[in-house]
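All remarks here apply to the structure that follows.
What follows draws every value from the coordinates through simple rules; no lab data is involved. Because the structure is a prediction, the values reported are computed rather than measured. Don't worry about glycine lacking a Cβ; one is built from the backbone with ideal geometry, like all the others, and counts go over all protein chains shown.
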Amino acid sequence: MKKKLSIVIPTYDRLPYLKKTLNDLKYQLNSSIEIIVSVNKSDANVVKFSKQIRKDKYFKNTKFFF
């Protein structure tokens with residue numbers, strides 16, 4: 001089994017910062033890296049964003065927990 005690096009991002013009602021953070025990570029990702037986003041306060045915009053971002057080929061290993 002391949003070793004993985006997990007990047008965990010906790011967030012609380014900070015969608016603009018989450019978008020910037022994920023954008024900064026985008027081109028550094030590979031198949032052995034996963035991103036876990038813990039959303040402690042969500043609204044419709046965060047849920048919509050989580051569905052959109054997972055369609056991006058760079059964020060296939062991204063998991064959102066609400």
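Dipole magnitude for the chain: computed about the Cα centre from +1 point charges on Lys and Arg Cβ and -1 point charges on Asp and Glu Cβ, it is near 260 debye.
How big is the antiparallel share of DSSP beta bridges in the chain, given as a percent to the nearest 5?
That works out to approximately 0 percent antiparallel.
Over the chain, the ratio between the Cα radius of gyration and 2.2 N^0.38 Å evaluates to 1.07. Length available on full extension from K63 to K4: 0.36 nm per residue minus the Cα-Cα distance, which gives 19.8 nm. Going by alpha carbons, how many degrees (0 to 90, nearest 10) lie between the helix axis of 15-25 and the longest principal axis of the chain? Here the helix axis deviates by roughly 10 degrees. Look at the alpha carbon pairs under 8 Å that are at least 6 residues apart: their mean separation over the length of the chain gives a relative contact order of 40 percent.
When peptides 34-41, 22-29 are sorted by average Cβ neighbour count within 10 Å, with the highest value leading, the order is 34-41, 22-29.
Length available on full extension from Y12 to S31: 0.36 nm per residue minus the Cα-Cα distance, which gives 4.1 nm. One decimal place: the segment R54-K41 gains 2.8 nm when fully extended, by the rule 0.36 nm per residue minus the C-alpha distance.
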